[in-house]
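Engineer: Once you've had a glance at the structure underneath, I'll fire off some questions.
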Amino acid sequence: MTTDKEDQVLQYGTRCIPYRLHISERKRLRIVVSPSLAVNVYAPNTASEDDIVSAVQVKAPWITKQLDALQQFHPLPTPHKYISGETFTYLGRQYRLKVIQDMLKSAKLHGRFLHIAVPDKTETVVVKKQVIQWYRERAESIFKRYLIHWLNIGLRHNIPEPVLVIRQMKTRWGSCSSSGRITLNIKLIHVPIHCIEYVIMHELCHLKHHNHSKEYFRLLSRCMPDWKRRKHYLDHLVVS
């Protein structure tokens with residue numbers, strides 16, 4: 001069970017940074033800075049208030065660095081209306097939506113356009129469903145393909161084969177469970193392939209090391225020597 005505390009304030013130099021504190025049964029404290037510039041702190045229920053405040057204060061330089069990096073992307077993209085002419089991203093490239101009236105529903109890329117065929121172009125709810133379904137199908141195909149590729153590399157280092165789950169996640173690109181399940185955020189379908197590969201390899205390494213120890217990063221570097229470059233690129237993307 002998670003308990004949300006009242007909004008807290010981190011004082012760092014002349015800056016006052018608000019953050020939301022979440023207390024739950026977890027082992028370690030985690031800080032998440034989201035593209036919306038919201039700062040969330042997830043702390044174990046065994047930690048004292050002073051310990052939490054001290055830990056957040058130590059991370060203040062990192063928090064401000066993340067906020068400053070994300071600030072350049074604001075204002076964030078407005079929500080899609082699912083009408084012709086809107087821009088959608090797929091694997092790091094932009095495509096224009098073109099809604100076509102046809103009794104047979106379909107979705108496909110044609111040049112730099114995403115063609116969505118629906119019986120009634122004014123039914124934007126139906127158009128949205130077609131777009132979401134297309135992204136889901138592409139995500140399942142692409143994520144599985146690259147999981148197989150990087151697992152073949154991981155097998156050389158005794159990384160076991162995982163079960164893949166794809167779903168929408170609020171604050172993470174991916175996660176790994178102790179039972180051998182890897183979950184990938186469906187929003188990864190919007191970012192370049194090299195970033196998708198990084199998240200997959202990152203989670204595969206967690207199947208062997210369920211932490212961020214020196215051994216974990218040693219394994220990650222052996223499997224993907226340029227992971228830091230990929231991570232840096234991904235950290236500076238804003239996906240709507």
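Engineer: Please give the length that would be gained between N40 and T122 if that part of the chain were fully extended, namely 0.36 nm times their separation in residues minus their C-alpha to C-alpha distance (nm, one decimal).
Structural biologist: 25.6 nm
Engineer: Classify the stretch 36-180 as rounded, prolate or oblate, taking a ≥ b ≥ c as the square roots of the eigenvalues of its Cα gyration tensor: rounded when a/c is under 1.5, otherwise prolate if a/b is larger than b/c and oblate if not.
Structural biologist: Judged from the Cα gyration tensor, the stretch 36-180 comes out oblate (a/c at least 1.5, b/c at or above a/b).
Engineer: While we're here: Of all the accessible heavy-atom surface of the stretch 78-173, with the other protein chains kept in place and a 1.4 Å probe, what percent is carbon and sulfur? Walk me through the numbers on the way to the answer.
Structural biologist: On the way: 3280 of 6340 Å².
The C+S portion of the solvent-accessible surface of the stretch 78-173 is 52 percent.
Engineer: Need one word for the stretch 96-240: rounded, prolate or oblate. Basis is the Cα gyration tensor (sqrt eigenvalues a ≥ b ≥ c); a/c below 1.5 gives rounded, then a/b vs b/c decides. Present the calculation step by step, with values, prior to reporting the outcome.
Structural biologist: Working: a/c = 2.71, a/b = 2.38, b/c = 1.14.
The shape class here is prolate.
Engineer: If R₀ is 25 angstrom, what is the calculated FRET efficiency for the pair I193 and M103, using the beta carbon separation as r and rounding to 0.05? Intermediate results must be reported in sequence, preceding the final value.
Structural biologist: Details: r = 35 Å, r/R0 = 1.40.
FRET efficiency, I193 to M103: 0.10.
Engineer: Related question: If the chain between L67 and L237 were fully stretched, how many nm would it gain, using 0.36 nm times the residue separation less the Cα-Cα distance?
Structural biologist: Numbers: separation 170, 0.36 × 170 = 61.20 nm, distance 1.30 nm.
Full extension from L67 to L237 adds 59.9 nm.
Engineer: To continue, here is another question. Past the 29 Å Cα-Cα mark, which pairs from K27/K208; K59/K187; K129/K208; K105/K231; K98/K187; K121/K144? Show your work: numbers first, answer last.
Structural biologist: Details: K27/K208 18 Å; K59/K187 27 Å; K129/K208 38 Å; K105/K231 37 Å; K98/K187 21 Å; K121/K144 33 Å.
Violating the 29 Å limit, Cα to Cα: K129/K208; K105/K231; K121/K144.
Engineer: Next question, about the same structure. Along the charge dipole of the stretch 50-202, Cβ charges K/R +1 and D/E -1, which of Q66, I100, I196 sits furthest on the positive end?
Structural biologist: Of the options given, the answer is I100.
Engineer: Go ahead and run the numbers for FRET between H22 and E140, Cβ-Cβ distance against an R0 of 35 Å, rounding to 0.05. Please list the in-between numbers first.
Structural biologist: On the way: r = 31 Å, r/R0 = 0.89.
With R0 = 35 Å, the Cβ-Cβ based efficiency is 0.65.
Engineer: Turning to a different aspect of this structure: Percent relative contact order of the chain, based on C-alpha pairs within less than 8 angstrom and at least six residues apart?
Structural biologist: Working: 358 pairs, mean separation 30.3, N = 240.
About 13 percent, as a whole number.
The values are calculated or read from the model by the stated rules, or taken from the named source; none is laboratory data. Everything quoted here is computed from the prediction, not taken from an experiment. All Cβ positions, even for glycine, are placed from backbone atoms using ideal geometry, and neighbour counts span all protein chains on display. SASA here: full protein model, heavy atoms, side chains in, ligands and nucleic acids out. Shrake-Rupley method; radii C 1.70, N 1.55, O 1.52, S 1.80 Å.
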